[in-house]
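Data block below; observations after.
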Amino acid sequence: MKKYLFLITVCLCALSAKAQNMKITGKVSAASDKEPLIGVTIRVSGEPGGTVTDIDGNYTINADKDATLTFSMIGFKTETVKVGERKVVNVILSDASSDLNEVVVIGYGSVKKGDLTSSISAVKGSDLKLNTGNAMNALQGKINGVQISSTGSPGANPRVIIRGVSTINGSDPLYVVDGMPVGTSINFLNDNDIESIQVLKDASAAAIYGTRGSNGVILITTKQGKKGATKFTFSASAGLQTLKNPNMAKASEYEKVFKARYTNDGNTPVWNSKDNITDAEGTNWWNKSIRKTALVQNYNLGFSGGNDKLLYAVSIGYFGQDSQYKGAGNWQKLTARLNLDYIFNRYVKVGMDFSPKYETWKDTPNLMSNIMAMDPTTSIMRPKDEWTDNKYSNYARSNNNQVWNPVAQLARQDSHSDEYGLLATPYIQVQPFDGLTLRSQFGVNARFRLSDSFTPAFFIDNLEKQDYSTASRTMSNWVDWNWTNTATYMKTFHQKHNLNVMGGYTMERFQNYWLTGSRDNTPNNDDNLRYVSSGTQNQQASGLNSYQTLLSYLGRVMYNYDNRYYLTASVRVDGSSKFVKGHKYATFPAASVAWRISGEKFMQNQHIFDNLKLRAGWGKVGNQSIADAAYESYVDGGADYVLGSGATRQIGTAIANVGNSNLQWETVEDYDLGLDMGFLNNR
């Protein structure tokens, strides 16, 4: 009897073991296009080993009906599925929450973020919700290797340095807005119109911009219309900016320290005991010169939408910022934008971006050092019995140093500017067949500025004075245009060979002309007569008209095999009017490679890295930031001189510039090595 029971038990255990080890089959596909996914790792939770999908996305694995299967692959969300009674388990994987598949704008093209071979950082416009008036201020602390510092003056451009100073002539990067190079300032742009910002940090990425990319390149993509019903947006914000009071010494404290200084040096103190200051507080120059709060306002209104043919986006914005100095400059900016894209058919698409702007501001002197250095024992004004009819001469002079009275400087400051600007970039894009895109874009960036300035006559002492008043007016114009033509071919061969080839040329012209005039001695510093025409003597006028041109040829090849091995090579040839024949053209090559280690089979069963990529790059960029025609010698006809013992001035000329026919491009060569790592679904 015991033998029979033993045999029955063994048979039941065998049947149970067989039931716990079912053969599960299935197919794994991508949610985006329903195509089979190759190389997906399938594991039974809690057990070692596993399997991967084949070229058709199929798999086979043994598992218990109570088991849980885990499906994972780089770039996709991990899925877990209970087996149950099923023997066929098909799974669809969605794109991961990471941004590896996010499209990143690069020079004259775009690429998936996961396919980058160079150092490029991207920031979404939604991450720049700061009330700054300039998007670069909002980038502080968001991108590694980018240093941003602001002067604090309303409307002033922040200083942006990408990976340190790399040239001897300036450090500002090149800004490119929707494919149009706009120089070294984006003050004309409304922060609310920005969709994304990409920063090209190394030469292998920036070399495609040649001479203009020596300090790095910042690519800005603005918001476009999207298919769907019209959407309206409105935002309004206001805030107060404050400067921390440094709590400077009071007059009595200042006197005590000053006396001790002189006594310790063995000198007689400036103040004797009978001269002790009766006003212990004295003058608080910080409170007298600095506002406790400065108002900042920002208002934006926009709407966008579209259909199968027309996409549109319209916006208008206002930004205002008061100066921290009392009675001094403020800055106001009014911007508008119209973006249109019209799709004729599957082959032809046209569009344009039209962005006018208006700015007005009062110049703000930099008085912070004077405010900090001014001694508190000095009054703001002279005693009333010393006052004159000239209100600007009634301010007091510092007792113990040569610092000018900051309150008096603010009262005398009268300089303001109005600037009108327009950025327009129409384009046409043609796709004659799948894979080939031809694009031609013409851009104009124009600005007109009118500046008026008045300096009153005053006398405080022989060191702080202005013998005569001066009124001046300056008109400045900048007109830059750019014509870019590119052809891009993209093709995937045998599912694993991905090729992207781009070639093109650009023509650019930059023109600046200005005219300024001034006169001295306007009557009695009259507030109503602060015009050049009111001056009675020393009429002066000057002006300048300069321009330069740049012709460039460019090309780039991007190749990757199986999204694991990457190669990018580019070259740009720039020809500049700033150099003499024989040195006009320079070539700027670049190359970079990358290896996605996390895409290898030996990495499929690890759960540490979601992305692991090794990359290396090399490139050359140039700089042409020199004066126009610096290779030529020329003379100055206004070099007067005195000959002999008399005081009579003689008309003469002098060499103003010694030419150099061997003047060449400044070039910067850059090597980079990087390792990109992603954890927790690349968060």
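Computed from the coordinates by the stated procedures, all read-outs in this text should not be read as laboratory data. Quick caveat: nothing in here was measured; it's all calculated off a predicted structure. Neighbour counts are summed over all protein chains in view; Cβ atoms, including those assigned to glycine, are modelled from backbone coordinates with ideal geometry.
Karplus-derived 3J(HN,Hα) values for the range 26-42, using 6.51 cos²θ - 1.76 cosθ + 1.60 with θ = phi - 60°, are x, 9, 10, 10, 8, 5, 6, 10, 6, 7, x, 9, 9, x, 6, 8, 10 Hz; glycine and proline are entered as x. Ranked by how many other Cβ atoms sit within 10 Å of their own Cβ, fewest first, the residues ILE186, ILE597 fall in the order ILE597, ILE186.
In µm²/s, what is D for the range 127-252 at 4 °C and 1.567 mPa s, where D = kT/(6 pi eta Rh) by Stokes-Einstein and Rh is the Kirkwood radius from Cα pairs? Don't skip to the answer; put the middle values down first.
Values: Rh = 16.8 Å.
Taking Rh from Cα pairs, D becomes 77 µm²/s.
So what is the relative contact order of the range 18-93, in percent, for Cα pairs below 8 Å that sit 6 or more residues apart? Once divided by the residue count of the range 18-93, the mean separation gives 37 percent. Just tell me which aspartates and glutamates come within less than 19 Å, Cα to Cα, of LYS581; anything on the same chain fewer than 8 places away is out. Straight-distance partners of LYS581: GLU508, ASP628, GLU632, GLU666. Segment GLU195..VAL501, full-extension length gain: 107.6 nm, with 0.36 nm per residue of separation and the alpha-carbon distance subtracted.
Exactly which chymotrypsin sites (Phe, Trp or Tyr not before Pro) in the range 571-644 are in a DSSP loop and have at most 16 other Cβ atoms within 10 Å? Let's see the in-between values first.
Working: sites: PHE579, TYR585, TRP595, PHE602, PHE609, TRP618, TYR631, TYR634, TYR641; in loops: PHE579, PHE609, TYR631.
Hits after loop and neighbour filter: PHE609.
Counting only lysines at least 8 places from LYS87 when in the same chain, those with an alpha carbon closer than 21 Å to its own are LYS18, LYS23, LYS27, LYS65.
For log10 I(q)/I(0) by the Debye sum over Cα atoms at q = 0.06, 0.10, 0.11 Å⁻¹, the value calculated from this model appears in (i) -0.54, -1.13, -1.26; (ii) -0.74, -1.14, -1.18; (iii) -0.38, -0.94, -1.08 under label (i). Annotation note: trypsin sites (Lys or Arg not before Pro) in the range 340-412 located in DSSP loop regions with a Cβ neighbour count of at most 15 within 10 Å are ARG346. Against the longest principal axis of the chain, how steep is helix 2-19, in degrees 0 to 90 to the nearest 10, with axes from Cα atoms? It works out to around 40 degrees. Taking K and R as +1 and D and E as -1, what net charge do the other residues with C-beta under 15 Å from the C-beta of GLN539 add up to? That sum, taken over residues with Cβ under 15 Å, equals +1.
Sum up the charges of everything whose Cβ sits under 11 Å from the Cβ of SER570, counting Lys and Arg as +1 and Asp and Glu as -1, but leave SER570 out. That sum, taken over residues with Cβ under 11 Å, equals +3. Report ³J(HN,Hα) in whole Hz for each residue of the range 554-561, in order, from the Karplus equation J = 6.51 cos²θ - 1.76 cosθ + 1.60 where θ = phi - 60°; Gly and Pro get x. These are the phi-based 3J(HN,Hα) values: 9, x, 8, 10, 10, 9, 9, 10 Hz.
Computed from the C-beta positions of TYR547 and SER237, the FRET efficiency with R₀ = 41 Å rounds to 0.50. Summing charges over neighbours of VAL430, with a neighbour being any other residue whose Cβ is under 15 Å away from its Cβ, gives +1 when K and R count +1 and D and E count -1.
Here the Karplus curve 6.51 cos²θ - 1.76 cosθ + 1.60, taken at θ = phi - 60°, turns the phi angles of the range 482-493 into couplings of 9, 10, 10, 10, 9, 10, 10, 10, 10, 7, 10, 10 Hz, with x standing for Gly and Pro. Hey, how much of the P(r) for the range 282-419 falls beyond 22 Å, as a percent of Cα pairs? Cα-Cα pairs in the range 282-419 separated by more than 22 Å: 59 percent. Close amide H pairs (under 5 Å, H built 1.01 Å from N) link GLY351 with TYR342, TYR427, residues at least 5 positions away or on another chain.
Distance from the C-alpha centroid of the range 303-380 to that of the range 604-628: 32 Å, rounded to the whole angstrom.
The peptide list 422-428, 77-83, put in order of mean Cβ contacts within 10 Å with the highest first, becomes 422-428, 77-83. Across the chain, C-alpha contacts under 8 Å between residues 6 or more apart give a mean separation that, scaled by the residue count, equals a relative contact order of 10 percent. Ranked for footprinting exposure by Cβ neighbours inside 10 Å, fewest first, HIS494, HIS607, HIS416 give HIS494, HIS607, HIS416.
Between 0 and 90 degrees, the angle of helix 251-264 with respect to the longest Cα principal axis of the chain falls at about 80 degrees.
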